[in-house]
Amino acid sequence: MPRAVRATIIQPDPHVPVDRFGPWLASNRVLVRAVPLWQRDVPAVAELGDGLVVLGGTMSAHDAAEHAWIPPLKELMVAAVDAGLPTLAICLGHQLLAEAFGGEVEVEHPDGGEHGAVPVAWQDTARSDPLLSRLAEGNSSLVAESHSDAVTRLPDGATPLASSERYPNQAFRIGSAVGVQFHPEASPELMGRWAELKGADGRTMRRAMHAQDTEVSRNGRLLAQAFCGQLRAHSLVA
C-alpha cells in the first residue's frame, strides 16, 4: 500500500490563510502540516514531506528587518528546488521565490497593483507545464488578485508562464517550483476581508467576486488538483 502523501504549508500572515486550498488538498487525500511563521520557525527541507506551499502576506518581500523569517524562508525555497520538491509559491511567496533565485521585486509598484478578478494570459510554455497545463488549455484564465508589489525581473533561468495586462510576471517556473502572483486559494469572503484591511469596500469586493466565482474557483481547484498530482508523483519516487 502506498504511503500517505504529505505537504507543508507555510503561512507568513494570520490574515492570509490557506482558505479553499486546504479542503481541496484534503479532498485529494493530501495530509497537510501548517507552519504559521508568527508562532514557529521556518522548517528544514527534510521536514517538508512531498512538497511545499508558501502563502502570501500583508508584509513585503523587503521587510526582513521586521520579519526575521524572510531570509531563511528564501533559503528553504532554494533547498526545496535543489531537492526536487514540488513547490507552489503564492503572491508574497511568488515574490520571495523570485528574489531567492536572483530576481527583483518592486514594493508598492507605481501601476497600483491588482485587486479583484483579473484575466491572466498564458504563455506557450504554460501549455506543457505539469502544474498549469490544464489551466492553460485556453488563452487566458480568470483569477483572484490582491497585490500592490510585483516581480519586475525574473531570475536567470526562470521560465515565464503567464502575464496580465498590467504585470508581465504573473507566473514562472524555476526547477520544481512555480510562483504565481494571483491567489488560487482565495474565496470571495477572504477577498472581501482583504479589501477591508486596505480600507476599501469589502461588501463590493465580495459581491464582485461571488459574481465571477464559478470560473475563479474552477481555476483554483484545477491548480490544486494538478499540484496534488505532483505531490503523489513525488511520493512514489521518494
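The values are calculated or read from the model by the stated rules, or taken from the named source; none is laboratory data. The model shown is predicted, which means the values in this text are computed figures rather than measured ones. With ideal geometry, Cβ positions are generated from the backbone for all residues, glycine too; neighbour counts draw on all protein chains shown. Side chains included, ligands, DNA and RNA excluded: accessible areas come from the protein's heavy atoms. Shrake-Rupley method; radii C 1.70, N 1.55, O 1.52, S 1.80 Å.
Tell me, yes or no, whether region 168-181 has at least one residue that is open to solvent by 10 Å² or more (accessible area, probe 1.4 Å) and under 16 Å from S141 (Cα atoms). Yes; the residues of region 168-181 include at least one that is open to solvent by 10 Å² or more (accessible area, probe 1.4 Å) and under 16 Å from S141 (Cα atoms). Of all the residues in region 26-44, those that are open to solvent by 50 Å² or more (accessible area, probe 1.4 Å), of a type in the set (V, I, T) and out of contact with any helix residue (DSSP H, G or I) (no Cβ under 7 Å at 6 or more places or on another chain) number 0.
Residues that are within 15 Å of the chain's Cα centre (by Cα) and either more than 17 Å from M59 (Cβ to Cβ) or polar (S, T, N, Q) (or both) within region 86-113 comprise P86, T87, L88, Q95, listed in sequence order.
If only residues of region 98-113 that are of a type in the set (A, V, I, L, M) and either out of contact with any Ser or Thr (no Cβ under 8 Å at 6 or more places or on another chain) or within 19 Å of S140 (Cβ to Cβ) (or both) are counted, the one that is least open to solvent (accessible area, probe 1.4 Å) is A98.
Residues that are closer than 14 Å to V118 by Cβ and either open to solvent by 30 Å² or more (accessible area, probe 1.4 Å) or part of a loop (DSSP other than H, G, I, E, B) (or both) within region 134-160 comprise S140, S148, listed in sequence order. Taken over region 1-16, the criterion of being at pLDDT 95 or above and either surrounded by fewer than 19 Cβ atoms within 10 Å (Cβ to Cβ) or among the charged types (D, E, K, R) (or both) is satisfied by R6, D13, P14, H15. Taking the criterion of being more than 19 Å from S217 (Cβ to Cβ) and in a loop (DSSP other than H, G, I, E, B), the residues of region 165-185 that qualify are E165, R166, Y167, P168, N169, G175, S176.
For region 1-44, filtered to residues that are outside any loop (DSSP other than H, G, I, E, B), among the β-branched types (V, I, T) and in contact (Cβ under 8 Å) with a residue 60 or more places away in the chain, the residue that is nearest to L236 (Cα to Cα) is V5.
Every residue, every condition in (1) part of a loop (DSSP other than H, G, I, E, B); (2) small (G, A, S); (3) surrounded by 19 or more Cβ atoms within 10 Å (Cβ to Cβ), yes or no:
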| residue | (1), (2), (3) |
| --- | --- |
| A46 | no, yes, no |
| G57 | yes, yes, yes |
| A61 | yes, yes, yes |
| E66 | yes, no, no |
| P71 | no, no, no |
| A79 | no, yes, no |
| L96 | no, no, yes |
| H115 | no, no, no |
| P119 | no, no, no |
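Of all the criteria given as (1) under 26 Å from V237 (Cα atoms); (2) open to solvent by 60 Å² or more (accessible area, probe 1.4 Å), the one not satisfied by T87 is (2).
Tallying residues that are open to solvent by 60 Å² or more (accessible area, probe 1.4 Å), assigned to a helix (DSSP H, G or I) and of a type outside the set (D, E) within region 192-210 yields 7.
Filtering region 211-238 to residues that are in contact with a strand residue (DSSP E or B) (Cβ under 6 Å, 6 or more places away or on another chain), crowded, with 18+ Cβ neighbours inside 10 Å and not β-branched (V, I, T) leaves N219, F227, C228, L231, S235.
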